[in-house]
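The values are calculated or read from the model by the stated rules, or taken from the named source; none is laboratory data. Values in this document were obtained by computation on a predicted structure and should not be read as measured data. In this analysis, Cβ positions are derived from the backbone assuming ideal geometry, glycine residues included, and neighbour counts consider all displayed protein chains. We work out accessible area using only protein heavy atoms, side chains counted, and drop any ligands, DNA or RNA first. Shrake-Rupley method; radii C 1.70, N 1.55, O 1.52, S 1.80 Å.
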Amino acid sequence: MRALVFRGPWDLAVEERPDPVAGPGEVVVGVVSTGICGSDLHGYTGENGRRFPGQVMGHETVGRVVAVGPDVPASARLTEGALVTVHPVLACGTCDACRSGQDHRCPTKQIIGVAPAISAAFADLMVVPAANAIALPEDMPAEYGALVEPLTVGYHAMVRGRCGPDDNVLVVGGGPIGQACALAAGRLGAGRVTVSEPHPGRRALLADIGVTAVDPAAAPLADTLAEAGAANPTLVVDAVGSSRSLGDALTVAAEGERVVLVGMHEPQVSLSAYAVSIAERSVVGSYCYTREDFAGTAAWVADGPAELARLVEGRVSLADAPSAFRALAEGRDGSSKVLVFPAGVAG
């Protein structure tokens, strides 16, 4: 098979690798498309130190089952040709966290696309545990399956923030995870949802999917929110993850309310202690998602919400993926979500 191999910072190449074989309880998936995640880009540039030479990245994926190993139950609906998305969290299943439904907190978990020893989804083929392959209906656009993972990140962040109908939600950052948070807030019935995003292209995308977006560079953010009728948000989600974005979140959040940190742009951030303590705001971390979150979001995506058609702004072949990574990392391509199609982009 062909695989997109990370050779080191700013260096990706398509190489031939052995075809994977399904072992007991596993399936081989022929990859249809895989999304380029912000964490992939930060790994590609060496910023986050979480990708290693020789690694095949990719965790936002959809494909078709091409081989089924022994001991895969018929109830899994994973016959050859079945359309599937892949839940990338590999947990032990037996620890206290797993038994309580919090598999993403399993102390021995590995994440497909992050763990360097696992050949992941920027390839023609990948092998995954059958329990992590989630069947999708044939009548949905196949590429939507690659959106399930990032959409679940946003959904889990909103669940962590206890988003509900009474909330005035602000999302700081309108990239793919910010978009996912905004859509999830709608799923959870939030009364108002606003996104702060400086990039005009992303604000246009958000407007197209029915989300109010404001420019934080136009004026102080508190003033901009007041003008938009969204002052004093009761739930703020930082989908960027920098000292500046977290500072903005804490500045505008209503006193006594919640700020969720889901963005991971900077491994270390600073914040105003007084903005937390004196105003009695809560800062909540969010990372990954539960198996239940993932399955529920897959079911929502399978219903084909109209907003999903707007989220994908770029499609490239595996051969063109190195150039796409470089263009995104250098800022020459402002596309929000780019999908890589190993078999080529359909004309």
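Descriptive notes on the structure:
- The lone exception for Val127 - which of (1) in contact (Cβ under 8 Å) with a residue 40 or more places away in the chain; (2) over 29 Å from Leu12 (Cα atoms); (3) β-branched (Val, Ile, Thr) it fails: (2)
- Answer residue from segment 290-332, given it is touching a Lys or Arg at 6+ places or on another chain (Cβ under 7 Å) and of a type in the set (A, V, I, L, M) and is farthest from Ala157 (Cα to Cα) among those: Leu318
- Restricted to segment 81-102, and to residues there that are out of contact with any strand residue (DSSP E or B) (no Cβ under 8 Å at 6 or more places or on another chain), among the small types (Gly, Ala, Ser) and crowded, with 16+ Cβ neighbours inside 10 Å, the residue that is nearest to Ala131 (Cα to Cα) is Ala91.
- For segment 178-191, a residue qualifies if it is open to solvent by less than 40 Å² (accessible area, probe 1.4 Å) and within 21 Å of Gly263 (Cβ to Cβ), and the qualifying residues are Gly178, Gln179, Ala180, Cys181, Ala182, Leu183, Ala184, Ala185, Ala190.
- Residue count for segment 152-176, restricted to those that are closer than 20 Å to Trp300 by Cα, in a loop (DSSP other than H, G, I, E, B) and either touching a His at 6+ places or on another chain (Cβ under 9 Å) or charged (D, E, K, R) (or both): 1.
- Candidates Leu271, Leu250: the one that is touching a helix residue (DSSP H, G or I) at 6+ places or on another chain (Cβ under 6 Å), of a type in the set (A, V, I, L, M, F, W, C), at pLDDT below 95 and more than 27 Å from Leu311 (Cβ to Cβ) is Leu271.
- Residue within segment 293-313 that is farther than 17 Å from Val148 by Cβ, in contact (Cβ under 8 Å) with a residue 12 or more places away in the chain and surrounded by fewer than 18 Cβ atoms within 10 Å (Cβ to Cβ) present: yes
- Qualifying residue in segment 25-45 (condition: over 16 Å from Ala133 (Cβ atoms) and in a loop (DSSP other than H, G, I, E, B)): yes
- Neighbours by Cβ (under 6 Å, 6+ apart or cross-chain): first from segment 251-277, closer than 16 Å to Ala230 by Cα and in contact (Cβ under 8 Å) with a residue 60 or more places away in the chain; second hydroxyl-bearing (Ser, Thr, Tyr) and open to solvent by 40 Å² or more (accessible area, probe 1.4 Å): Arg258/Ser282
- Matching residues, segment 82-124, being part of a loop (DSSP other than H, G, I, E, B), farther than 20 Å from Gly23 by Cβ and free of Cβ contacts under 8 Å to residues at least 24 places away in the same chain: Cys95, Ser100, Cys106, Pro107
- Any hit, segment 43-52, residues being hydrophobic (A, V, I, L, M, F, W, C) and modelled with pLDDT of 95 or more: no
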